[in-house]
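A.B. asks: I have a structure I would like to understand better, so I am pasting it below and will then ask my questions one at a time.
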Amino acid sequence: MNIYDIAKEAGVSPATVSRVLNNHKNVKEETRNKIQEVIKGKNYSPNTIARNLSVGTSRNIAFMVPDIENPFFSKILHGISDRAMDNDYNVFMFGTAENTAREHKILDSLKIEMMKGLIIIPVSEADRETAERLKEFEEQGVPVVLIDRDVRNARFDAVFSEDMEGACEAVECLIEEGHKKIGIITGPDTSRPGHERLKGYKRALANNGISLNKDYIICGNFMEDESYEAMKQLLDLEDPPTAVFTSNNMTTLGALRCLKERQMKLGADISVVGFDDIKELAYTDIHLTAVTRPVYEMGCEAMRILERRFRKAEGVEEEKLIIQRNLVKTWLIKRGSEKHKDLSGGSDTYHT
């Protein structure tokens, strides 16, 4: 019999059973007695792993990401894992598929396992249920660190990048090449990267006296297929943009797929600047100008913050800890896809 079976028979949540097994005080006496009767009647005893977790000897770290197929998150995992391995921690990755219900389910299951720490890229910063679950982790002594995306109405340690600044620089790069009709394929406005990069786009236009055209703003939700459709919508406008800013790597891939289908050349027929570099493009003849950032180091930094929380809990770290909200810088790498032969009068050297 496992903890889920006990919860079902007692008519409570698995998290409540976990609290009883770990002698937490915030359980009603009546509920505690009911759970203990089920345990007694079924001769239940926690397995070795559960016992180790309950006394705080776990070496397991959970890492939750919204899209396990996105190489960006894999690179963060690489940083987390390398730092964790140096200190003998185990890292387990869980994919939420950009689905809040799935995110809640995974968080509930992790409460039962009682991981030593949690690093998470949340689906939506506006989701209160996720925020409450993360607060419960910290109340139970399991520190939480956010990466890339934030959570509203809560304060957690976090590692972010300068999304607005990076997007602004990317769009200004296009403006410097003579573009005035610039589209954007955005991410979800419920995520920090989504709305911050849109702000950067708008700021660049405003700084250069270019009017905002709402038809040029289409959401691709940071997903390849949706961004492919978004690019089609932009190109099918009566007055299509001459350049497009793509808000993340998967957005860029969707946009490039659309351009390939239409046999449009970068630097000749249209200009594109993306957020987040795509390593694999180095093996092709696509020379993409892109905003980049130290992704691997973001993972290392998140794990470093988590380890400091562990040391504090163990009494090793004496210094008073404050919430850390660390920002890493972005920079733009120009490779030519920001150019346009009809605007600059140059050649179409840069093309797909």
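A.B. asks: Please state which of the following conditions M264 fails to meet, knowing it meets all the rest: (1) of a type outside the set (D, E, K, R); (2) on the phi < 0 side of the Ramachandran plot; (3) within 27 Å of the chain's Cα centre (by Cα).
C.D. replies: (3)
A.B. asks: May I ask you to list the residues in the range 76-114 that are open to solvent by less than 20 Å² (accessible area, probe 1.4 Å) and under 16 Å from P143 (Cα atoms)?
C.D. replies: The answer is I80, A84, L107, L110, K111.
A.B. asks: Tell me, which strands (runs of 3 or more DSSP E) wholly within the range 261-352 include 3 or more residues that are modelled with pLDDT of 90 or more and surrounded by fewer than 18 Cβ atoms within 10 Å (Cβ to Cβ)?
C.D. replies: Per the criteria, 325-328, 331-333.
A.B. asks: Determine, yes or no, whether S124 is open to solvent by 30 Å² or more (accessible area, probe 1.4 Å), closer than 24 Å to P14 by Cβ and touching a Pro at 6+ places or on another chain (Cβ under 8 Å).
C.D. replies: no
A.B. asks: Now for a separate question. Give me the strands (runs of 3 or more DSSP E) completely within the range 114-167, filtered to those with at least 1 residues that are in contact with a His (Cβ under 9 Å, 6 or more places away or on another chain) and not acidic (D, E), ordered by residue number.
C.D. replies: Those strands (runs of 3 or more DSSP E) do not exist here; none qualify.
A.B. asks: Looking at (1) over 17 Å from the mean Cα position of the chain (by Cα); (2) within 21 Å of L118 (Cα to Cα); (3) in contact (Cβ under 8 Å) with a residue 12 or more places away in the chain, which is the one condition that is false for I322?
C.D. replies: Against the list (1) over 17 Å from the mean Cα position of the chain (by Cα); (2) within 21 Å of L118 (Cα to Cα); (3) in contact (Cβ under 8 Å) with a residue 12 or more places away in the chain, I322 comes up short only on (3).
A.B. asks: Just name the residue that is least open to solvent (accessible area, probe 1.4 Å) out of those in the range 193-237 that are closer than 18 Å to T251 by Cα and basic (K, R).
C.D. replies: Of everything passing the filter in the range 193-237, R197 is least open to solvent (accessible area, probe 1.4 Å).
A.B. asks: Being assigned to a helix (DSSP H, G or I) and open to solvent by 90 Å² or more (accessible area, probe 1.4 Å) is the filter; apply it to the range 1-47 and report the residue that is modelled with the lowest pLDDT.
C.D. replies: Per the criteria, the residue is Y4.
A.B. asks: On to the next question. Being of a type in the set (S, T, N, Q) and in contact with a strand residue (DSSP E or B) (Cβ under 9 Å, 6 or more places away or on another chain) is the filter here, so list the residues in the range 284-307 that pass it. Steps first, answer last, please.
C.D. replies: Applying the first criterion (of a type in the set (S, T, N, Q)) to the range 284-307 yields 284, 289, 292.
Of everything in the range 284-307, those that are of a type in the set (S, T, N, Q) and in contact with a strand residue (DSSP E or B) (Cβ under 9 Å, 6 or more places away or on another chain) turn out to be T289, T292.
A.B. asks: Taking the residues in the range 149-192 that are under 14 Å from the mean Cα position of the chain (by Cα) and among the basic types (K, R) as candidates, determine which candidate is most open to solvent (accessible area, probe 1.4 Å).
C.D. replies: So, considering only residues that are under 14 Å from the mean Cα position of the chain (by Cα) and among the basic types (K, R), the one most open to solvent (accessible area, probe 1.4 Å) is R192.
The values are calculated or read from the model by the stated rules, or taken from the named source; none is laboratory data. Everything quoted here is computed from the prediction, not taken from an experiment. Using ideal geometry, Cβ is built from the backbone for each residue, glycine included, and neighbour counts are taken over all protein chains shown. Areas reflect the complete protein model, heavy atoms only, side chains present, ligands, DNA and RNA absent. Shrake-Rupley method; radii C 1.70, N 1.55, O 1.52, S 1.80 Å.
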